[in-house]
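The next block holds one structure in the form of structure tokens; read it before the comments.
The values are calculated or read from the model by the stated rules, or taken from the named source; none is laboratory data. Note that the coordinates shown come from a computational prediction; the quantities given were computed from them, not determined experimentally. Every residue, glycine as well, gets a Cβ built from its backbone with ideal geometry; the counts of neighbours run over all protein chains shown.
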Amino acid sequence: MIRLFNLKYFTVVLLFAIWGSLDSNIASLLSIFSSSSIFTFVNLFSIIRASGPYVIFIIFICFFYKRLSFRTSSRNLNFILIILVLNFLIQLIASFIYQDNTLLNNSNLILLSIMSLALFIFEFNHDNSKKILIFSWVVLFLIFMWFSAIMSLWYFSDKNTVANLYHGWPQSFQIIKNLTENIPRSSGIGRSALILLIPIMLGLLIKKKINILLYFFYNYSFFIMLATQSRIVLLGFFLFICVIIFYLITLKQESILKIKKICLIILIPIIFSVIIISMKSLQLNNNNILKINSVSDYSKDPDVKRFLRPIDPVSFTSRRYDDWQEILKKNNNIFLGNGIMGDRWIINQTASSLILYNYASSGIAGVFLFTLLMFRSFFICSKIILFHEKKINKHNYILLSACYIQYFLMGRSLVESSFAVFGIDFLIFFAAYFFTEEYYNKKKLKK
């Protein structure tokens with residue numbers, strides 16, 4: 001028990017608790033205690049997930065309040081933190097004015113965001129931002145393995161009549177009823193795969209020895225990312241492959257070794273994915289599936305049809321553009337927005353854009369504030385990649401991974417709410433952002 005309250009361990013416990021609260025729902029939690037509710041193990045798990053971060057954060061404050069500070073040694077980071085707090089305050093105030101039934105759950109998202117930032121600040125001040133990022137990857141790995149494993153089981157089941165994982169949800173994830181409030185979409189699984197692939201790919205590039213288990217996971221994640229067929233994820237992956245090739249060209253290695261690296265990082269995973277897809281296609285042929293209703297008919301090859309996701313002939317943006325237009329028309333509070341999750345308040349679904357989410361939730365003020373954050377993130381990552389760490393090596397590949405993950409999530413934010421709201425993107429983005437800020441701040445102090 002004494003070791004648990006050691007600072008080094010306790011912050012990790014708090015981080016795991018915050019991650020564990022993802023998709024927890026306060027209203028659903030309160031319904032567990034109603035007289036008509038039957039208490040189960042899943043109910044107990046839900047209580048622990050929802051209340052855990054609050055309990056542990058209170059203990060954290062009680063034991064380490066003398067070390068707590070909401071200021072850092074970086075003036076620019078302090079400015080960004082003020083921006084984030086202002087954005088949260090605008091959303092909270094607007095929520096109290098315009099929202100009613102959803103205020104409890106939405107306020108929970110803000111409180112979890114503030115707890116997360118407080119933890120990131122604390123670890124930044126103790127030069128532990130790298131630790132937070134690595135542990136965040138570990139938790140994301142566990143979440144990804146759980147949901148992708150269920151998705152893979154669905155993939156080879158008779159219920160799946162295509163050879164891709166696009167829209168391989170939500171029924172396929174209902175193994176334990178009420179385990180989670182928010183079933184992940186296939187694009188979310190693809191996003192998690194790419195976030196995990198980025199540091200592994202950079203590691204494979206510079207390391208001489210290959211861990212067999214890690215390499216198998218790399219191939220598996222490669223297939224999941226390819227099969228979920230999120231266009232923004234695939235675009236991000238293609239651009240990152242270009243980065244990998246550039247780094248490989250600049251490395252001082254023999255040509256034969258560079259060819260081996262290309263095979264390990266690109267060729268073998270593609271062959272692995274093709275084999276799995278072929279196995280599914282063979283299964284479909286054996287089941288005498290002659291026609292797939294949900295795919296477009298631009299290809300005469302049935303195997304290609306089964307693999308490629310259906311294309312909406314009406315909307316290239318998967319109807320996102322219609323949602324954006326609706327938010328712009330219906331938002332009457334253009335300066336300060338409608339409060340937390342304002343997009344759902346206006347159109348009853350996600351805005352599918354960080355900019356439009358902020359416009360709906362905290363108005364023009366929120367858009368301006370978050371734009372400053374993104375400019376800061378882009379500036380630091382560009383300085384690190386182009387000036388400070390131009391060559392990849394075993395000492396900087398995690399730092400470079402943090403930069404490329406921020407690039408990817410900022411690109412993804414064009415078509416998803418992403419890190420504007422508490423969730424996986426939020427935790428990964430800010431863990432990576434604080435790590436790059438910590439590095440950049442140290443560089444400035446050394447001058």
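Which residues, counting only those in the stretch 119-164, are among the β-branched types (Val, Ile, Thr), in contact with a helix residue (DSSP H, G or I) (Cβ under 6 Å, 6 or more places away or on another chain) and within 17 Å of Pro184 (Cα to Cα)?
Restricting attention to the stretch 119-164, the residues satisfying the condition of being among the β-branched types (Val, Ile, Thr) are 121, 132, 134, 138-139, 143, 150, 161-162.
Right, trim to in contact with a helix residue (DSSP H, G or I) (Cβ under 6 Å, 6 or more places away or on another chain) and you get 132, 139, 150, 162.
Val139, Ile150, listed by residue number.
If I go through the stretch 98-153 residue by residue, how many of them are surrounded by fewer than 18 Cβ atoms within 10 Å (Cβ to Cβ), touching a Ser or Thr at 6+ places or on another chain (Cβ under 9 Å) and outside any helix (DSSP H, G or I)?
Summing the residues that are surrounded by fewer than 18 Cβ atoms within 10 Å (Cβ to Cβ), touching a Ser or Thr at 6+ places or on another chain (Cβ under 9 Å) and outside any helix (DSSP H, G or I) in the stretch 98-153 gives 2.
Identify the residue in the stretch 129-157 that is among the hydroxyl-bearing types (Ser, Thr, Tyr) and in contact (Cβ under 8 Å) with a residue 24 or more places away in the chain and, among all such residues, is farthest from Ser73 (Cα to Cα). Working first, answer last.
Taking the stretch 129-157 and keeping what is among the hydroxyl-bearing types (Ser, Thr, Tyr), we get 129, 136, 148, 152, 155, 157.
Among the residues that remain, those that are also in contact (Cβ under 8 Å) with a residue 24 or more places away in the chain are: 129, 136, 148, 152, 155.
Details: Ser129: 14, Ser136: 24, Ser148: 40, Ser152: 46, Tyr155: 50 Å.
So, considering only residues that are among the hydroxyl-bearing types (Ser, Thr, Tyr) and in contact (Cβ under 8 Å) with a residue 24 or more places away in the chain, the one farthest from Ser73 (Cα to Cα) is Tyr155.
Any residue at all in the stretch 254-269 that's in a helix (DSSP H, G or I) and touching a Phe, Trp or Tyr at 6+ places or on another chain (Cβ under 6 Å)? Give the steps one after another, and end with the answer.
Looking only at the stretch 254-269, we keep the residues that are in a helix (DSSP H, G or I), and these are 255-269.
Add one more test, that the residue is touching a Phe, Trp or Tyr at 6+ places or on another chain (Cβ under 6 Å), and what stays is 269.
So far as the stretch 254-269 goes, yes, one or more of its residues are in a helix (DSSP H, G or I) and touching a Phe, Trp or Tyr at 6+ places or on another chain (Cβ under 6 Å).
Can you find a residue in the stretch 383-405 that is at pLDDT 95 or above and closer than 23 Å to Ser21 by Cα?
Yes: the stretch 383-405 contains one or more residues that are at pLDDT 95 or above and closer than 23 Å to Ser21 by Cα.
Determine if the stretch 361-368 includes at least one residue that is surrounded by fewer than 18 Cβ atoms within 10 Å (Cβ to Cβ), in a helix (DSSP H, G or I) and without any contact (Cβ under 8 Å) to a residue 12 or more places away in the chain.
Looking through the stretch 361-368, at least one residue is surrounded by fewer than 18 Cβ atoms within 10 Å (Cβ to Cβ), in a helix (DSSP H, G or I) and without any contact (Cβ under 8 Å) to a residue 12 or more places away in the chain.
Condition check ((1) modelled with pLDDT of 95 or more; (2) surrounded by fewer than 20 Cβ atoms within 10 Å (Cβ to Cβ); (3) on the phi > 0 side of the Ramachandran plot) across all residues:
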site	(1), (2), (3)
Thr317	no, yes, no
Leu328	no, yes, no
Trp345	no, no, no
Leu372	yes, yes, no
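With respect to Phe246, is the statement that it is closer than 16 Å to Ile270 by Cα and either of a type in the set (A, V, I, L, M, F, W, C) or modelled with pLDDT under 95 (or both) true?
Details: closer than 16 Å to Ile270 by Cα: no; either of a type in the set (A, V, I, L, M, F, W, C) or modelled with pLDDT under 95 (or both): yes.
No: the conditions fail for Phe246.
Checking the condition exposed (fewer than 13 other Cβ atoms within 10 Å of the Cβ), free of Cβ contacts under 8 Å to residues at least 40 places away in the same chain and farther than 30 Å from Glu389 by Cβ, which residue from Ile271, Ile256 passes?
Numbers: Ile256 fails: farther than 30 Å from Glu389 by Cβ.
Being exposed (fewer than 13 other Cβ atoms within 10 Å of the Cβ), free of Cβ contacts under 8 Å to residues at least 40 places away in the same chain and farther than 30 Å from Glu389 by Cβ holds for just one of Ile271, Ile256, which is Ile271.
Spot the failing condition for His388; the list is (1) within 28 Å of Ser361 (Cα to Cα); (2) surrounded by fewer than 22 Cβ atoms within 10 Å (Cβ to Cβ), and only one is missed.
Exception for His388: condition (1).
I'm trying to understand the selection: among the residues of the stretch 405-417, which are surrounded by fewer than 23 Cβ atoms within 10 Å (Cβ to Cβ), part of a helix (DSSP H, G or I) and out of contact with any Gly (no Cβ under 7 Å at 6 or more places or on another chain)?
Tyr407, Met410
Within the set of pairs 6 or more residues apart or between chains, which connect a residue that is over 21 Å from Trp19 (Cα atoms) and touching a residue at least 40 places away in the same chain (Cβ under 8 Å) inside the stretch 52-79 to a residue that is exposed (fewer than 15 other Cβ atoms within 10 Å of the Cβ) and charged (D, E, K, R) with Cβ atoms less than 9 Å apart?
Ser74/Lys444
Please find, within the stretch 212-253, the residue that is nearest to Glu389 (Cα to Cα) out of those that are out of contact with any Ser or Thr (no Cβ under 8 Å at 6 or more places or on another chain) and assigned to a loop (DSSP other than H, G, I, E, B).
Per the stated criteria, the residue is Leu251.
Do you know which residues across the stretch 1-21 are among the aliphatic types (A, V, I, L, M), in contact with a helix residue (DSSP H, G or I) (Cβ under 9 Å, 6 or more places away or on another chain) and at pLDDT below 90?
Leu4, Leu7
If you go through the stretch 36-53 one residue at a time, do you hit one that is modelled with pLDDT of 90 or more and not aromatic (Phe, Trp, Tyr)?
Start the filter on the stretch 36-53 by keeping residues that are modelled with pLDDT of 90 or more, which leaves 52-53.
If we keep only those that are not aromatic (Phe, Trp, Tyr) too, we end up with 52-53.
For the stretch 36-53, residues modelled with pLDDT of 90 or more and not aromatic (Phe, Trp, Tyr): present.
State yes or no: is Asn332 at pLDDT 70 or above and part of a loop (DSSP other than H, G, I, E, B)? Before the answer, list the steps.
Numbers: at pLDDT 70 or above: yes; part of a loop (DSSP other than H, G, I, E, B): yes.
Against the criterion (at pLDDT 70 or above and part of a loop (DSSP other than H, G, I, E, B)), Asn332 qualifies.
For (1) polar (S, T, N, Q); (2) assigned by TED's automatic domain parsing to the domain that holds Ile424; (3) more than 15 Å from the chain's Cα centre (by Cα), each residue gets a yes or a no:
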site: Ser186; (1), (2), (3): yes, yes, no
site: Arg191; (1), (2), (3): no, yes, no
site: Leu197; (1), (2), (3): no, yes, no
site: Leu202; (1), (2), (3): no, yes, yes
site: Ile212; (1), (2), (3): no, yes, yes
site: Phe222; (1), (2), (3): no, yes, yes
site: Ala227; (1), (2), (3): no, yes, yes
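Yes/no matrix, rows are residues, columns are (1) of a type outside the set (A, V, I, L, M); (2) assigned to a helix (DSSP H, G or I):
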{"position": "Leu328", "(1), (2)": "no, yes"}
{"position": "Gly339", "(1), (2)": "yes, no"}
{"position": "Ala351", "(1), (2)": "no, no"}
{"position": "Asn358", "(1), (2)": "yes, yes"}
